[in-house]
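Here's the structure we're looking at; comments come further down.
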Amino acid sequence: MVNLNDFDTDWLGVEVDEDSLFNPMEYVFSSKNMEESRKKMAVLMSDPDYFYFLCKYVLNIELLPFQAVIIKELWDKKFPILLGSRGCSKSMCLAVYCMLRCLLIPKRKIVVVGAAFRQSKVVFGYMEDIWNNAPILRSLCPNRQDQGPRKDVDKCTLKINNSLVTCLPLGDGEKIRGHRAHDIIGEEFQSIPVDIFERIVAG
């Protein structure tokens, strides 16, 4: 007899042995203590394998399977390069990646640069949309006046608790001197001159 539910996932081409599957909710609620369960849930959500769950319930966005894989690879690799065709959600994945870094790692500083301001503002635009449509994310930021997206003439910023994403135009590189970051995102990297990147941007 054919299980109709199999048709929903057949297009992934993934063979799964259901007996070997791990149910994360059994792990989370294995304790009767609610505080212990909350801690386990936080640990689970900070695992890159469960970013789909975190994005769905905290950022209020549903990732496609390939997007979840892209974000996990960006998270796990030290110097990742994201190559993709036009319209394959590269900028959106970078925006989600930046927000997850800010949310999960305290005091994180991220700089997004593009050869033109328009390029880094594309990533900022996605982050702003996610912030505006994610009430649970906003509720996790206690000091609301100081949090969220801000637009200035020469930069755009997004603050989540004590972490900060700054989107900058690169230009000739002279006007962005002095900015410091743990993570540097080069949007439309092929349009950034190599000498400027190596002299100004790269740590």
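As a test, work out the antiparallel percent of DSSP beta bridges whose residues both lie in the chain, rounded to the nearest 5.
45
Taking a 26 Å limit on the Cα-Cα distance, which of the listed pairs Lys90/Lys155; Lys78/Lys159; Lys56/Lys109; Lys39/Lys90 fall beyond it? Could you put the intermediate results ahead of the total?
Details: Lys90/Lys155 21 Å; Lys78/Lys159 23 Å; Lys56/Lys109 24 Å; Lys39/Lys90 32 Å.
Too far apart for the 26 Å limit: Lys39/Lys90.
So in the chain, which Cys have no other cysteine's beta-carbon sitting under 4.7 angstrom from theirs?
Flagged as lacking a Cys partner: Cys55, Cys88, Cys93, Cys98, Cys102, Cys141.
Sort Leu21, Leu74 by heavy-atom solvent-accessible area, probe 1.4 angstrom, most to least.
Accessible-area ranking of Leu21, Leu74, largest first: Leu21, Leu74.
Within the set of other residues whose C-beta is less than 12 Å from the C-beta of Asp76, count the net charge using Lys and Arg as +1 and Asp and Glu as -1.
Net charge in that neighbourhood comes out at 0.
With a Förster radius of 30 Å, plug the Cβ-Cβ distance of Ser37 and Ser89 into 1/(1 + (r/R0)^6) and report the FRET value to the nearest 0.05.
Computed FRET efficiency for Ser37 and Ser89 comes out at 0.35.
For a quick protection proxy, order the peptides 99-106, 45-52 by their average other-Cβ count within 10 Å, most packed first.
Working: 99-106: 18.9, 45-52: 16.4.
Ranked by mean Cβ neighbours within 10 Å, highest first: 99-106, 45-52.
At 7 Å along Cα-to-Cβ for each site, give me the label-to-label distance between Asp8 and Leu64 in nm.
1.9
Please report the Cα spread of the chain along all three principal axes, rounded to whole Å, starting with the longest.
In descending order, the Cα extents are 64, 40, 28 Å.
What is the gain in length, in nm to one decimal, between Glu15 and Arg150 on full extension, counting 0.36 nm per residue of separation less the C-alpha to C-alpha distance?
Separation in residues times 0.36 nm, less the Cα-Cα distance, equals 44.1 nm.
Can you give me the % of accessible surface on segment 1-155 that is carbon or sulfur? Probe 1.4 Å, all protein chains present, nothing else counted.
Carbon with sulfur: 55 percent of the solvent-accessible area.
May I ask you to list the residues of segment 73-104 whose amide nitrogen lies under 18 Å from a point 7 Å from Cα along the Cα→beta-carbon direction of Asp49?
73-77
Along the Cα-to-C-beta direction of Phe22, a point sits 7 Å from the Cα; which residues of segment 38-63 have their amide N less than 19 Å from that point?
It comes to 38-55, nothing else.
Enter the Cα centre distance for the pair segment 17-42 and segment 87-163, rounded to the nearest angstrom.
30
Let me test this: with uniform point scatterers at the alpha carbons of segment 36-82, what is the Debye-based log₁₀ I(q)/I(0) at q = 0.15 1/Å?
Scattering profile of segment 36-82, log10 relative to I(0): -0.42.
If you count only protein heavy atoms with a 1.4 Å probe, what accessible area per residue comes out for segment 42-158, rounded to a whole Å²?
Value for segment 42-158: 54 Å² per residue.
Relative to the present Cα-Cα distance, how much length would full extension add between Asn132 and His182 at 0.36 nm per residue of separation?
Numbers: separation 50, 0.36 × 50 = 18.00 nm, distance 2.53 nm.
Between Asn132 and His182, full extension yields an extra 15.5 nm.
What longest region of the chain stays clear of GluC sites (Glu not before Pro) that DSSP places outside H, G, I, E and B and that have at most 12 other Cβ atoms within 10 Å?
Details: sites that count: Glu15, Glu62.
In short, 63-203.
The values are calculated or read from the model by the stated rules, or taken from the named source; none is laboratory data. Computed from a predicted model, the values in this text were never measured in an experiment. Because the Cβ atoms are built from the backbone with ideal geometry, glycine has one as well, and the counts that use them run over all protein chains shown. Please note that ligands, DNA and RNA were not included when accessible areas were found on the heavy atoms of the full protein model with its side chains. Shrake-Rupley method; radii C 1.70, N 1.55, O 1.52, S 1.80 Å.
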